[in-house]
1. In whole Å, what three semi-axes, largest first, describe the equivalent ellipsoid of the range 114-156 built from its Cα gyration tensor (square root of 5 times each eigenvalue)?
2. Once the piece of chain linking E19 and Q329 is laid out straight, how much longer is it, given 0.36 nm per residue of separation minus the C-alpha distance between them?
3. 7 Å from Cα along Cα→Cβ at both F205 and A93: what's the point-to-point distance in nm?
4. Across the range 27-35, in residue order, what do the Karplus-derived ³J(HN,Hα) couplings come to in whole Hz, using 6.51 cos²θ - 1.76 cosθ + 1.60 with θ = phi - 60° and x for Gly and Pro?
5. To one decimal place, what Kirkwood hydrodynamic radius in Å is obtained for the range 238-383 from all pairs of distinct Cα atoms?
6. Contour minus end-to-end for D358 and A292, with contour as 0.36 nm per residue of separation and end-to-end as the Cα-Cα distance?
7. Counting Lys +1, Arg +1, Asp -1, Glu -1, what net charge surrounds E321 among other residues with beta carbon under 12 Å of its beta carbon?
8. Give me D204, D346 ranked fewest to most by other Cβ atoms within 10 Å of their Cβ, as a rough exposure proxy.
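Any read-out appearing in this document is the output of simple, stated calculations on the displayed coordinates, not a laboratory observation. This is a predicted model, so every value here is computed, not measured. Here the Cβ positions follow ideal geometry from the backbone for every residue, glycine too, while neighbour counts run over all protein chains shown.
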Amino acid sequence: MRLHLRRLVPEPTPLSLRERVRSAAGALIGILATGLISRAALGAEAALPAMIAPMGASAVLLFVVPASPLAQPWSILGGNLVAALVGVSVAAAVPDPLWAAALAIGCAIALMMALRCLHPPSGAVALTAVLGGPAIRDLGYGFVLWPVAANSLLLLVVALLFNNLSGRTYPHRQAIANAHGTGDPVPSTRAGPTASDLDAALKDFDQVLDVGRGDLEAILRQAQVHAFRRRSGQATCAEIMSRDVVAVGPHTPLRQALELLRRHHVKVLPVTDEGARVLGIVTQTDLLDKAAWDRRGPRLGLGRRLRLTLSRGHAPHGSVEDIMTTALQTVRPDTPIADVVVRMSDYGLHHLPVVGADERLVGIVSQSDLIGALLADAAERAAAPSGRADADGTTLAVATPA
């Protein structure tokens with residue numbers, strides 16, 4: 001009996017207190033703002049309803065699960081408008097409320113699925129059009145514009161503002177673009193289930209899921225990262241990074257930067273201030289793409305000099321700060337190398353500066369460092385005399401006779 005009862009309760013989703021508070025606060029603000037604006041627009045003595053009950057269900061989706069395909073802008077606007085139109089039309093054509101309610105729900109769902117705007121609260125909108133009483137019926141197709149369209153649009157605007165201001169991306173986007181601009185999937189998705197595998201599994205499942213395909217791919221990819229992190233023994237950047245880093249200041253001349261790259265056979269130079277805080281990086285690509293070349297080496301071209309002069313208000317000096325990349329990613333010494341592998345491969349990075357808690361440069365991790373660490377780990381596992389690898393690559397101890 002206990003097992004059967006447990007099946008009635010959904011599995012708990014691990015959520016932080018911050019996320020719970022943000023969801024509840026968003027719904028509160030969304031409904032309050034929609035109601036106040038609607039009441040102000042109608043006036044206190046208006047016969048029209050300022051708000052309809054299905055907006056409460058829409059608020060749950062827009063502020064609690066804004067990543068859901070059912071909560072996207074077209075879902076709420078298209079779904080509610082389609083359901084309202086179907087509900088009003090069926091109510092006018094079918095006198096029996098029971099039959100009208102059933103037909104309205106069935107037709108609304110079919111149309112929403114065909115138009116890719118499925119929104120569960122829209123079912124309540126269709127029912128409201130049929131069973132809302134004389135006040136709703138008297139509105140006719142005006143019900144579609146007010147309160148349905150007005151309430152939906154107001155709630156959507158609040159959701160757009162609140163979600164993005166509170167750190168969420170809405171409308172939701174998940175896919176990671178290939179950094180090289182080619183049609184290949186990002187490297188972390190090539191090992192393991194592919195996009196076609198996921199499509200085949202979804203086709204076999206043959207049910208509507210309250211999670212987007214891109215999110216499913218991201219979850220699978222993150223699970224692979226956790227599995228790799230477990231197998232890699234929690235190795236961190238501090239164990240593999242280069243500590244004797246060749247760095248330059250922002251006022252280092254371009255020619256000197258080129259000489260350092262050649263002398264040390266490196267492809268990147270971190271740019272730091274006097275306190276060793278990272279300001280940017282200068283790479284071989286920066287020198288090739290952003291500098292003009294003559295027999296004396298790299299220099300700033302006229303066009304770049306003019307652009308920098310206009311943006312800064314003073315003429316550039318032909319130094320590293322004029323071509324360095326400032327939009328860079330950094331990692332901490334305790335960052336697991338599993339995270340570094342995914343970040344480098346997916347975003348096309350070759351080096352990542354390692355900074356301490358005070359943001360000072362303490363090292364750099366390169367692709368060569370990662371390859372060396374992974375090869376050493378593989379060799380160690382292959383040479384382990386008293387263990388064997390299980391199906392996921394972890395080493396299991398084997399008892400030997402005394």
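1. Numbers: eigenvalues 71, 35, 16 Å².
Here the semi-axes work out to 19, 13, 9 Å.
2. Working: separation 310, 0.36 × 310 = 111.60 nm, distance 2.56 nm.
Taking E19 through Q329 to full extension adds about 109.0 nm, to one decimal.
3. Label at F205, label at A93, 3.5 nm between them.
4. Karplus values, whole Hz, x for Gly and Pro: 5, 4, 5, x, 5, 5, 5, 4, x.
5. 16.5
6. That works out to 20.2 nm of additional length.
7. So the surrounding residues net to -1.
8. In increasing order of surrounding Cβ atoms, one gets D204, D346.
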